[in-house]
Amino acid sequence: MNAVFGFIFIVSLIALCVISPADFLPAMLDGAEKSLTTAATLFCVYALWMGLGNVAEKCSLTKGATKLLKPLSGKLFKTDNPEALEGITLNLSCNLLGIGGAATPYAVRAVNALEKDKNEFAQKLLFIINATSIQILPTTVIALRAAAGSAAASDIFAPSLICTAFSTVFAAGIYILGCRAWRR
Amino acid sequence: MAAIIPVIFLVVFIVAAVRKVKIYDEFSAGIKEAGRFTLSLVPCLAAIFMMCELFEVSTLSDKLTQFLKPAFSALGIPPELTKLVLIKPFSGNGSLAYLTEIINEYGADSYISRCACVLYGSSETVFYISAVYFASLKRKNLAVPILIVLISTFLTTVIACLICKIL
């Protein structure tokens with residue numbers, strides 16, 4: 001991240017100095033302002049889902065779901081840390097339901113819990129699965145198309161499903177196989 | 001379909017009431033955590049958005065788009081989508097704005113729009129996710145995972161354009 005950030009920043013700065021140095025300050029302040037408006041939107045989504053999540057946790061609904069998925073997720077992520085497993089389960093369920101915004105806090109919780117076990121493999125696998133998107137229902141896109149007057153707004157459902165499944169299976173597969181080959 | 005989310009809430013709240021959980025207290029406790037979590041994201045967001053703005057106003061993003069167009073067309077990706085493919089890993093808002101633009105310009109049912117929708121729906125903001133997930137950790141050796149994700153996202157883009165031609 002540091003390398004990417006530094007590279008893009010420096011190259012853009014050089015170009016900007018040549019073309020229009022006056023645009024620098026407005027652009028930077030604009031970016032900072034956008035971070036706050038985005039944070040406000042994110043807070044609304046998180047408030048809703050983390051509020052619900054906390055209620056579900058207190059009546060041990062999430063424990064049930066975690067237990068149900070444990071044979072699968074435990075083996076895949078090679079962990080039996082209950083806090084991490086719960087985070088992973090909730091993260092994956094939110095993703096599959098298409099509420100991606102709600103998935104992030106649980107992933108972060110799982111990543112932090114896994115840090116205590118030094119389980120780098122599971123952290124990175126969770127990152128890969130999330131970063132390749134595992135949405136089953138592309139709700140935002142369907143809503144956008146319907147609003148633009150599409151005749152069949154949800155006809156992108158099948159192609160999206162194929163693509164999102166492919167990208168996740170491909171990336172996770174390569175990572176898992178790569179880790180195995182590395183160890184041998 | 002729209003009923004799924006309210007029903008989830010209903011089920012959780014009923015179970016909570018039956019099991020005598022203090023619903024209001026726990027709901028607000030969750031929101032409190034949401035506040036803390038959102039605040040912890042702001043520094044990452046600010047830095048990344050500044051970088052994106054800078055990249056945009058320096059016209060480098062346009063130049064890169066122009067430069068990559070021929071290569072993308074050769075792989076079957078319509079040149080109109082080059083910018084969307086480039087923006088998506090960095091910015092969810094930026095790519096959503098651009099997706100809206102594409103849909104308005106080419107019509108919701110055109111091949112271009114359908115491709116754009118599929119690749120928007122099947123990919124994620126990779127750099128943003130990597131920054132947020134690993135913000136609190138000290139050692140972050142993420143080069144390999146990020147590379148794997150980017151390669152797979154790009155392959156998926158090629159496949160998406162192909163599938164949209166058939167389906």
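Coordinate-derived values only; no laboratory data. Since the structure is predicted, the reported quantities are computational estimates derived from the model, not experimental observations. All Cβ positions, glycine included, derive from the backbone under ideal geometry; neighbour counts span all protein chains shown.
What to note about this one:
- Residues in segment B:76-93 that are part of a helix (DSSP H, G or I) and either of a type in the set (Lys, Arg) or free of Cβ contacts under 8 Å to residues at least 40 places away in the same chain (or both): B:79, B:80, B:82, B:83, B:84, B:86, B:87, B:92, B:93.
- Among (1) surrounded by fewer than 16 Cβ atoms within 10 Å (Cβ to Cβ); (2) at the interface with chain B (Cβ under 8 Å from one of its Cβ atoms); (3) basic (Lys, Arg) - the single one residue A:180 does not satisfy: (2)
To keep it simple, each residue is scored yes or no on (1) facing another protein chain (nearest Cβ under 8 Å); (2) under 21 Å from residue A:105 (Cα atoms); (3) without any contact (Cβ under 8 Å) to a residue 12 or more places away in the chain; (4) not basic (Lys, Arg).
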{"site": "B:69", "(1), (2), (3), (4)": "no, no, no, no"}
{"site": "B:74", "(1), (2), (3), (4)": "no, no, yes, yes"}
{"site": "B:98", "(1), (2), (3), (4)": "no, no, no, yes"}
{"site": "B:119", "(1), (2), (3), (4)": "yes, no, no, yes"}
{"site": "B:122", "(1), (2), (3), (4)": "yes, yes, no, yes"}
{"site": "B:136", "(1), (2), (3), (4)": "yes, yes, no, yes"}
{"site": "B:154", "(1), (2), (3), (4)": "no, no, no, yes"}
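- Count of residues meeting criterion [of a type in the set (S, T, N, Q) and in a helix (DSSP H, G or I)] in segment A:125-184: 8
- Exclusive hit being part of a helix (DSSP H, G or I), facing another protein chain (nearest Cβ under 10 Å) and of a type in the set (A, V, I, L, M, F, W, C), set A:84, A:39: A:39
- Qualifying positions in segment A:111-133 - more than 9 Å from chain B (Cβ to nearest Cβ) and of a type in the set (A, V, I, L, M): A:113, A:114, A:122, A:129
- Residues of segment A:49-78 that are over 21 Å from residue A:134 (Cα atoms) and of a type outside the set (Gly, Ala, Ser): A:52, A:54, A:55, A:57, A:58, A:59, A:61, A:63, A:67.
- Positions within segment B:13-27 being assigned to a helix (DSSP H, G or I) and over 28 Å from the mean Cα position of the chain (by Cα), in sequence order: B:13, B:14, B:15, B:16, B:17, B:18, B:23, B:24, B:25, B:26
- Residues that are at the interface with chain A (Cβ under 7 Å from one of its Cβ atoms), closer than 10 Å to residue A:54 by Cβ and not hydrophobic (A, V, I, L, M, F, W, C), drawn from segment B:1-27: B:26
- Condition met for residue B:62 (acidic (Asp, Glu) and more than 29 Å from residue A:40 (Cβ to Cβ)): yes
Okay, residues lined up against (1) surrounded by fewer than 17 Cβ atoms within 10 Å (Cβ to Cβ); (2) not in a helix (DSSP H, G or I):
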position: A:27; (1), (2): no, no
position: A:65; (1), (2): yes, no
position: A:80; (1), (2): yes, yes
position: A:90; (1), (2): no, no
